[in-house]
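The values are calculated or read from the model by the stated rules, or taken from the named source; none is laboratory data. Worth saying up front: this structure is predicted, and the values here are computed from it rather than measured. Note that we place each Cβ from the backbone using ideal geometry, even for glycine, and neighbour counts take in every protein chain shown.
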């Protein structure tokens, strides 16, 4: 045990959460650092998580009539400068190509930090009539934002994401699109990530540069800080005006389109790590896990052990389960630790003594429950076990959100909560950015969103005591 | 017809092949130009072709034990300079980031033109023992190569591709990998693209910068020019030495790994266009086609026409066929033209007169054959029709290769063929780069590959009359 613990031990999550997070990212082999600061390498296991999210979302996008496209990596500087608010938001963090083919470029090229302007420029060319609407495009790509301090998956100079960009004939249709896509993100949390997201509208201060309204999915991490995990934007006609995206409507009039954009990124991998992980490493929700069952033979040299392990593997694969049989020459204890570090939802221990009774031991990763099973029953029961684990992980995460969501009408109490426990605090707000800024200044908490259910919890803004206009979720955030 | 032809007409393929190609790319809505020279927009229909190729290949890669990863977009200049031959090949066509976050960078960042050095740098960190081998990684991404003259899909400053990078304990295993991947590419041609590829080894002059051996798939376009459509490389230990990629072997010795890399790109879209297309536009092989059947109602206002059209659509979808029912208010003739331009393999015309007899007309895009069918029979027969069309398109393309492959031992005849007919010429070669250069200079033909079947067609090199060493396929190429 000594050597194993030495090699595999990671920082305790409650001792130093930031270090624990980095340890898990590296030791579960999700990523590695590259030689270019802020640019990470997505290793096979980390990329497989992204692929599973991508497959889920891509199917959902297509089912709802979206089409994939690919826009250029670069934006000519003059094009980038067309929409003022947007530029103000993104210009400070751009990377710029100034040299190509050994020559200085006549016009500098911005590496896309997001692709609104590229989509807008294209839409201006291809949209002429109401018959061309709606346009519902999405792209899977990487974007570059020059960041001073970076953390794996959470904030990087380059990250992978999808960005949807749509154009509609009416405001109503565009607003519905922005909300529908938020629903798809929320379903992703519920069905795949086992993460309950809080949803709502961003305050003006926190919204996307160029949006009329930004909707968000927010998740609560183990350290009680919130992580903005995805956003959808109703863009109104601001970009359409800047880029002349017009269409001839049924009534013969020339009108601007109404637009949306929306995206989630590899930041979701960070959310999964920090919502579910524990001191032994990653804990993956079953439908997201690249490997759902690790089969670990004990004393594999004993006759029957490897044969039976292989037989179980094949039986499970026939049920559509993703299985790995660890047939390396490492010790079983080492294999257990690796399986735990990588967060495989179930491990099956196949040993000679159990085999005598036609039994195996099945261990759940998330709560370490051990079950001794007749082999046939184990195999037939595993799809159910996976479903139960998913549901339990979701419920646990939801319980954590509920236990760490507090309501107050007293700003002193708010400050105390942010100092002691953090988590979400629901509080009324006057709508004035001064109060929002004061809260951030004094407590480091920011408004995460104004939930759709605006049932008031008080009448006054606890900061300025003026009339309250909005109910807000506040939290310290990544 | 007047207006329709005016809008949709494209240049004839035998009149001006280059213009025909561009017309098809634009009018079939595969792509559009962006404001950044050489960077194209992959529109939904063009991107869907790439997605279908990607799905096919990704499954084949995974089935053969490859894992997907994602490496950074950028390569620090010092890292890029590590392998000399490789640098020499790629440095002249790089795009370089010199500014980030409003500041000049201390070290310039090269946008990846290919990612050998990134994979090598990572492999040097993660490979220690023979237990860590083989490493078989692949990534889907875009790369940037600064090109002076660009053409959609064929040559661009940015293109989409996959790049596989593997590391092995033995030369034999690495060489097998390079050949196995070539087989997968050849199968892609046979099973999805309906393109027969000529395969073989590149001459030293034509091989990849840094490779020991480059294998290639070559396709013959309608204009009788060859298109290099994908390559796999056996890299030997050159990169491993430059990047110190070592492993402790079973015998305890520290050894360099043997490596491969391999890739195909969106250039394959260009191949499909130029092998199968005709004067009415794109002609898509059925398994690649995003839409396999266009259903076009004639006089859709007549009772029963739309209902029956919808019924046929649903029946075909149940069989797993990708169907589009064109229910727009355009004229049937216009819809036919659009369906032809987009190369949909089959169209079904549903008109009131045929419906009286419970019939529909089915038209094959590739040879325009019209079949009048009983509706039920049409539906049950369409999977077969699609298979037959695929096979026929492959056979036609193969016949075209055979008819345009000539053998000669006489250099004067070679020159005449290249002037008159182009196509492939099989000819012996002494192995001397001077002769290869002379051929290119005098005829514009280059060596496409040395086929695996090296059965000699002569004894002397027809250029210098020295002893022949290799059989070579020559052709003018893109």
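What single numbered condition from (1) more than 10 Å from every other protein chain (Cβ to nearest Cβ); (2) without any contact (Cβ under 8 Å) to a residue 24 or more places away in the chain fails to hold for residue A:205?
Every listed condition holds for residue A:205 apart from (2).
Residue check, residue B:102 against (1) surrounded by fewer than 21 Cβ atoms within 10 Å (Cβ to Cβ); (2) farther than 19 Å from residue B:243 by Cα; (3) at pLDDT 95 or above, all met but one. Which one?
Checking residue B:102 against (1) surrounded by fewer than 21 Cβ atoms within 10 Å (Cβ to Cβ); (2) farther than 19 Å from residue B:243 by Cα; (3) at pLDDT 95 or above, the one that fails is (3).
So residue A:255 passes all but one of these: (1) in contact with a helix residue (DSSP H, G or I) (Cβ under 7 Å, 6 or more places away or on another chain); (2) assigned by TED's automatic domain parsing to the domain that holds residue A:142. Which condition number does it fail?
Going through the list (1) in contact with a helix residue (DSSP H, G or I) (Cβ under 7 Å, 6 or more places away or on another chain); (2) assigned by TED's automatic domain parsing to the domain that holds residue A:142, residue A:255 breaks only (1).
The rows are residues; the columns are (1) modelled with pLDDT under 95; (2) assigned to a loop (DSSP other than H, G, I, E, B).
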| position | (1), (2) |
| --- | --- |
| B:139 | no, no |
| B:148 | yes, yes |
| B:153 | no, yes |
| B:161 | no, no |
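If you go through the stretch B:295-344 one residue at a time, how many are touching a helix residue (DSSP H, G or I) at 6+ places or on another chain (Cβ under 8 Å), within 14 Å of chain A (Cβ to nearest Cβ) and part of a helix (DSSP H, G or I)?
So the count comes out to 2.
Could you list, in sequence order, the residues of the stretch B:89-130 that are more than 20 Å from residue A:92 (Cα to Cα), facing another protein chain (nearest Cβ under 8 Å) and assigned to a loop (DSSP other than H, G, I, E, B)?
B:94 - this is the single residue of the stretch B:89-130 that is more than 20 Å from residue A:92 (Cα to Cα), facing another protein chain (nearest Cβ under 8 Å) and assigned to a loop (DSSP other than H, G, I, E, B).
Tell me, please, whether a residue that is at pLDDT 95 or above, out of contact with any strand residue (DSSP E or B) (no Cβ under 6 Å at 6 or more places or on another chain), in a loop (DSSP other than H, G, I, E, B) and buried (at least 24 other Cβ atoms within 10 Å of the Cβ) can be found in the stretch B:224-237.
Within the stretch B:224-237, not a single residue is at pLDDT 95 or above, out of contact with any strand residue (DSSP E or B) (no Cβ under 6 Å at 6 or more places or on another chain), in a loop (DSSP other than H, G, I, E, B) and buried (at least 24 other Cβ atoms within 10 Å of the Cβ).
So which residues in the stretch B:62-83 are surrounded by fewer than 21 Cβ atoms within 10 Å (Cβ to Cβ) and either more than 23 Å from residue A:72 (Cα to Cα) or more than 8 Å from chain A (Cβ to nearest Cβ) (or both), if there are any at all?
B:62, B:63, B:64, B:65, B:67, B:77, B:78, B:79, B:81, B:82
Output the residue which, of all residues in the stretch A:290-315 that are within 29 Å of the chain's Cα centre (by Cα) and in contact (Cβ under 8 Å) with a residue 60 or more places away in the chain, is farthest from residue A:25 (Cα to Cα).
Out of the qualifying residues, it is A:293.
Per-residue answers, yes or no, for (1) in contact (Cβ under 8 Å) with a residue 24 or more places away in the chain; (2) in the same structural domain as residue B:97 (by TED's automatic domain parsing); (3) over 15 Å from the mean Cα position of the chain (by Cα):
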{"site": "B:126", "(1), (2), (3)": "no, yes, yes"}
{"site": "B:147", "(1), (2), (3)": "yes, yes, yes"}
{"site": "B:161", "(1), (2), (3)": "yes, yes, no"}
{"site": "B:164", "(1), (2), (3)": "yes, yes, yes"}
{"site": "B:178", "(1), (2), (3)": "yes, yes, yes"}
{"site": "B:195", "(1), (2), (3)": "yes, yes, no"}
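Report the residue count in the stretch B:333-354 for those that are surrounded by 16 or more Cβ atoms within 10 Å (Cβ to Cβ) and free of Cβ contacts under 8 Å to residues at least 40 places away in the same chain.
First, the residues of the stretch B:333-354 that are surrounded by 16 or more Cβ atoms within 10 Å (Cβ to Cβ): B:334-352, B:354.
Narrowing the set further to residues that are free of Cβ contacts under 8 Å to residues at least 40 places away in the same chain leaves B:354.
Adding up the residues that qualify gives 1.
If residue A:32 satisfies every condition in (1) surrounded by 15 or more Cβ atoms within 10 Å (Cβ to Cβ); (2) more than 7 Å from chain B (Cβ to nearest Cβ); (3) not in a loop (DSSP other than H, G, I, E, B) but one, which is the exception?
(2)
Suppose we filter A:373, A:366 for residues that are outside any helix (DSSP H, G or I), within 20 Å of residue A:324 (Cα to Cα) and touching a residue at least 40 places away in the same chain (Cβ under 8 Å); which single one remains? Walk me through how you get there before you give the answer.
On the way: A:373 fails: touching a residue at least 40 places away in the same chain (Cβ under 8 Å).
From the options A:373, A:366, the qualifying one is A:366.
So, in the stretch B:42-57, of the ones that are part of a helix (DSSP H, G or I) and within 9 Å of chain A (Cβ to nearest Cβ), which residue ends up nearest to residue B:211 (Cα to Cα)? Lay out the reasoning, then the answer.
Initially, the stretch B:42-57 is screened for residues part of a helix (DSSP H, G or I), giving B:44-57.
Adding the requirement that they be within 9 Å of chain A (Cβ to nearest Cβ) leaves B:44-48, B:50-51.
Working: B:44: 36, B:45: 35, B:46: 32, B:47: 31, B:48: 32, B:50: 27, B:51: 29 Å.
Across the stretch B:42-57, the extreme among qualifying residues is B:50.
Answer yes or no as to whether residue B:86 is facing chain A (nearest Cβ under 9 Å), farther than 22 Å from residue A:71 by Cα and crowded, with 20+ Cβ neighbours inside 10 Å.
Values: facing chain A (nearest Cβ under 9 Å): no; farther than 22 Å from residue A:71 by Cα: yes; crowded, with 20+ Cβ neighbours inside 10 Å: yes.
No.
Is there a residue in the stretch B:436-451 that is farther than 26 Å from residue B:155 by Cα and not assigned by TED's automatic domain parsing to the domain that holds residue B:155?
To start, the set of residues in the stretch B:436-451 that are farther than 26 Å from residue B:155 by Cα comprises none.
No: zero hits.
Residue A:39 - would you say it is more than 17 Å from the chain's Cα centre (by Cα), buried (at least 20 other Cβ atoms within 10 Å of the Cβ), more than 9 Å from chain B (Cβ to nearest Cβ) and on the phi < 0 side of the Ramachandran plot? Let's see the steps before the verdict.
On the way: more than 17 Å from the chain's Cα centre (by Cα): yes; buried (at least 20 other Cβ atoms within 10 Å of the Cβ): yes; more than 9 Å from chain B (Cβ to nearest Cβ): no; on the phi < 0 side of the Ramachandran plot: yes.
Spelling it out, it is not the case that residue A:39 is more than 17 Å from the chain's Cα centre (by Cα), buried (at least 20 other Cβ atoms within 10 Å of the Cβ), more than 9 Å from chain B (Cβ to nearest Cβ) and on the phi < 0 side of the Ramachandran plot.
Can you find a residue that is without any contact (Cβ under 8 Å) to a residue 40 or more places away in the chain and closer than 30 Å to residue A:81 by Cα anywhere in the stretch A:235-243? Give the steps one after another, and end with the answer.
From the stretch A:235-243, those without any contact (Cβ under 8 Å) to a residue 40 or more places away in the chain are A:237, A:241; that's our starting set.
Subsequent filtering for residues that are closer than 30 Å to residue A:81 by Cα retains A:237, A:241.
Looking through the stretch A:235-243, at least one residue is without any contact (Cβ under 8 Å) to a residue 40 or more places away in the chain and closer than 30 Å to residue A:81 by Cα.
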